[in-house]
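K.L.:
A single structure is presented below for examination.
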Amino acid sequence: MRIFVVEPTGQGGLVHYAYELCTGLANAGADITLVTADEYELSGCPHNFRVDKRLHLWKIVDSRAVRKQPRGVPAKTWRRFWWTGRRVLRFSRLLGQWIRLTNYLIAEKPDVILFGRFYFPGVSLFLRRLKRHGLVLADVCHEYEFRDPSLSRINALIDRTTGFFEKTVYKAFSAVFIHGEINRDRFLAELEVPSERVHIIQHGVSSLFFSQAQKVGLAERYGIEASDRLVLFFGNLRVSKGVPDLLRAFALIESDKYRAKLVVAGYPTQSVDVNELRRLAREFGIERRTIFDIRYIPNHEVSELIQLATVVAFPYLSATQSGPLMIAHAFGRPVVATSVGNFPEVVKDGITGLLVPPASPPALADALGKILAAPDLAEKMGKDAKALAERRYSWNSVARDMLTVLQDIALGPAVRGKTASSANDARTVIR
């Protein structure tokens, strides 16, 4: 069975997800091609599937934007205009790439095309064209709503328009895969998609950060000593991830008593003002005990970073699921997470971590304090988290479940009906 997996972003969590999924599908016996960007960051990893770096887009990670965080009203205003202009230019470029992609997929005629997230309103036109040519489409729904505020009214209008059209694209898919029962229920409540097309899958645990691990001396870089207990936040910095709540919560912890430090590590999206986060740390009196590592954390550093942590914090205000949370579990670290998205399904409260209400720094502080105060508890929770990740969240298992659905939709309704009829006839003969 030929499956083309389309992931336009060549860097970051989405392409990591696509890589692991393609590996699992290929292990299950499918013929897989990953169609992605020319900035594909995993070229040096082992592959049991083909990679077509066909899309010429742009780097997701821009280190210059991190170094040049604006200060003052004029600089911030100019940045808003610059982001808006760049977004318009990128839209035209994306449009051209989708034309190329559609022509390519029609020519190749795979049995199923599996997409991820969409980023612009015109995508439904291309999906309809693919369906007119008899292609079978499916989607992994990572997100189905915007979570972060826009920097300008123009961007807000673009987001609302994109959000409206994004919700219409799901009608084009013969199958939609979504992470967890909670997310599936919300998805069906918000979107007009037949329930039989929406399938629950788990978010697998990535092996990339084990296989690529290197020691780079992060403890020395951060000034962390062996006796320190570390609260870690890592992943892309977005407004919806609630980092200010984490700073407020850390200020409520008796951190000197536990020799606790906080590390905030990750790449900021355009809606996050890193200077404001640093100001909050000063205002709350935790600047001396807080380390900001504001950059895209390379894959080979993730293992060392997580293993420094006593507990990993996920103070999200909203979410569907979280790749970093799964990584924390895989490395045997307890988590404190808010009860948003499918977190209540993934985090076993009191066993692999603790759940708290969103937007509640006191509750977050209390949960973090419990784990920091009890090293034995942290160790036990970490072991249970790792065991759960290994038992339940294998990519091979996820891929096998998906492949069963993909094979079914590739048959088409007529063939499925004939197959079911033949199976009924066979059962009748046996009886």
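The values are calculated or read from the model by the stated rules, or taken from the named source; none is laboratory data. Here the structure is a predicted model, which is why all the values come from computation and not from measurement. With ideal geometry, Cβ positions are generated from the backbone for all residues, glycine too; neighbour counts draw on all protein chains shown. Quick note on the areas: whole protein, heavy atoms, side chains included, nothing else; ligands and nucleic acids left out. Shrake-Rupley method; radii C 1.70, N 1.55, O 1.52, S 1.80 Å.
K.L.:
Scan region 140-155 and tell me whether some residue there is modelled with pLDDT of 85 or more and in a helix (DSSP H, G or I).
P.N.:
no
K.L.:
Name the single residue, out of those in region 1-32 being within 21 Å of the chain's Cα centre (by Cα) and part of a strand (DSSP E or B), that is farthest from Asp111 (Cα to Cα).
P.N.:
Looking at residues that are within 21 Å of the chain's Cα centre (by Cα) and part of a strand (DSSP E or B), I get Val6.
Condition check ((1) touching a helix residue (DSSP H, G or I) at 6+ places or on another chain (Cβ under 9 Å); (2) open to solvent by 10 Å² or more (accessible area, probe 1.4 Å); (3) of a type outside the set (Phe, Trp, Tyr)) across all residues:
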{"site": "Asp245", "(1), (2), (3)": "yes, yes, yes"}
{"site": "Phe250", "(1), (2), (3)": "yes, no, no"}
{"site": "Ile253", "(1), (2), (3)": "yes, yes, yes"}
{"site": "Asp256", "(1), (2), (3)": "yes, yes, yes"}
{"site": "Val263", "(1), (2), (3)": "yes, no, yes"}
{"site": "Tyr267", "(1), (2), (3)": "yes, yes, no"}
{"site": "Asp293", "(1), (2), (3)": "yes, yes, yes"}
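K.L.:
Condition check: at pLDDT 95 or above, closer than 24 Å to Val347 by Cα and in contact with a Leu (Cβ under 8 Å, 6 or more places away or on another chain). Does Ala313 satisfy that?
P.N.:
yes
K.L.:
Something else about it: In region 183-226, how many are surrounded by 15 or more Cβ atoms within 10 Å (Cβ to Cβ) and polar (S, T, N, Q)?
P.N.:
Number satisfying all stated conditions: 5.
Residues are listed down the side, and each one gets a yes or a no for (1) closer than 18 Å to Leu130 by Cα; (2) loosely packed, with under 14 Cβ neighbours inside 10 Å; (3) modelled with pLDDT under 90; (4) not acidic (Asp, Glu):
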position	(1), (2), (3), (4)
Arg2	yes, no, no, yes
Glu7	yes, no, no, no
Thr33	yes, no, no, yes
Gly44	no, yes, no, yes
Val61	no, no, yes, yes
Ala107	yes, yes, no, yes
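K.L.:
Pull up region 171-182, narrow it to residues that are open to solvent by 10 Å² or more (accessible area, probe 1.4 Å) and either among the charged types (D, E, K, R) or within 20 Å of the chain's Cα centre (by Cα) (or both), then point me to the one that is farthest from Arg197 (Cα to Cα).
P.N.:
Ile182
K.L.:
Please list, ordered by first then second residue, the pairs with beta carbon atoms under 9 Å, 6 or more apart or interchain, first in region 221-248 and under 18 Å from Ile286 (Cα atoms), second in a strand (DSSP E or B) and open to solvent by 40 Å² or more (accessible area, probe 1.4 Å).
P.N.:
What qualifies is Tyr222/Lys261; Gly223/Lys261; Ile224/Lys261; Asp228/Lys261; Arg229/Lys261; Leu230/Lys261; Val231/Lys261.
K.L.:
Okay, moving on. Among the residues of region 345-383, what is the count of those that are open to solvent by less than 50 Å² (accessible area, probe 1.4 Å) and either part of a helix (DSSP H, G or I) or among the polar types (S, T, N, Q) (or both)?
P.N.:
Residues in region 345-383 being open to solvent by less than 50 Å² (accessible area, probe 1.4 Å) and either part of a helix (DSSP H, G or I) or among the polar types (S, T, N, Q) (or both): 16 in total.
K.L.:
If a residue must be β-branched (Val, Ile, Thr), open to solvent by less than 70 Å² (accessible area, probe 1.4 Å) and at pLDDT 90 or above, how many such residues does region 384-428 contain?
P.N.:
The qualifying residues number 3.
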